[in-house]
Amino acid sequence: MMANTQKNRWHILNQAEAEKAFVSSEELTHLKKMIQHQDKRLDAVKTICDRAGSIVSDAVHETLGKAEMLTREENQDLPEDKLTHCLQESETILRYITYALLAENASRLETGCLADIRETYLGLGIAIESAVKIVERMKAAAIAVVKQQIFPNPEKGSGELELLEEIEDYFELTLTALTQKSQPIKSGGILNIEEIQQRYPNQWVLIGCPKLDEELNVIQGEVLARASERDELYAKLSLRQGKPVAIEYTGSVPENIGIML
């Protein structure tokens, strides 16, 4: 985002230098508007980040008050570990949405969070309908707080309405990932470690039924889930379904980390 602004500055300067002219007032006005728009974007991201805890907690607990939160055994209280994992997963969603908003690009959200989001909630025993309600409540809260704190009276042509629509778009992208019944990770069965590293570069992967060499290094297995942060995989351990698993990083790390469970 900031790189785009800098790129535009250099473009304007290069053009003026090539033409042996001063930078025109029109170009300076355009650049000023662009910087102001980016300032508003940063303000929106900061506002959501500052209130992330309450946005996530309120959305989850409002949904937990209803029996449909569970996928089985109606009216049973949600176990504390499931509640914790549900809060963590919902926080991850909101965190990646702020990444997308900051970068003005959804690719990190899609690859780092949404790829297996449906399976993660199901693995936690959370009904998809309830997960959808959590995301919808977070969307409403995030947009409301940005409107209240940053854009109380959004104006056309100021970029404010477009920014609010962009926030909504990232949440809608998340809702689409939740409601689609496709399998995001199709490993094609057992992969060797080189294939896993090529397919999921620089990510933490949860590997089912891992085969080890004599030095206990993983040499093959089935990829059950992936994430950009190791801790995010702990919420996905329910996907193991009784299988032995290992957690590995596919890029370069200071120490070789492998966790057998």
Handout entry: Residue match in the stretch 97-110 (condition: open to solvent by 80 Å² or more (accessible area, probe 1.4 Å), modelled with pLDDT of 90 or more and not aromatic (Phe, Trp, Tyr))
Key = no
Exercise for the section: Tell me, please, whether a residue that is at pLDDT below 70, touching a Ser or Thr at 6+ places or on another chain (Cβ under 7 Å) and not basic (Lys, Arg) can be found in the stretch 250-259. Expected result: no
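The values are calculated or read from the model by the stated rules, or taken from the named source; none is laboratory data. This one's a predicted model, so the numbers in the text were calculated from it and none came from an experiment. Here Cβ is always computed from backbone atoms with ideal geometry, including for glycine, and neighbour counts include all displayed protein chains. These area figures cover heavy atoms from the full protein model, side chains too; ligands, DNA and RNA do not enter into them. Shrake-Rupley method; radii C 1.70, N 1.55, O 1.52, S 1.80 Å.
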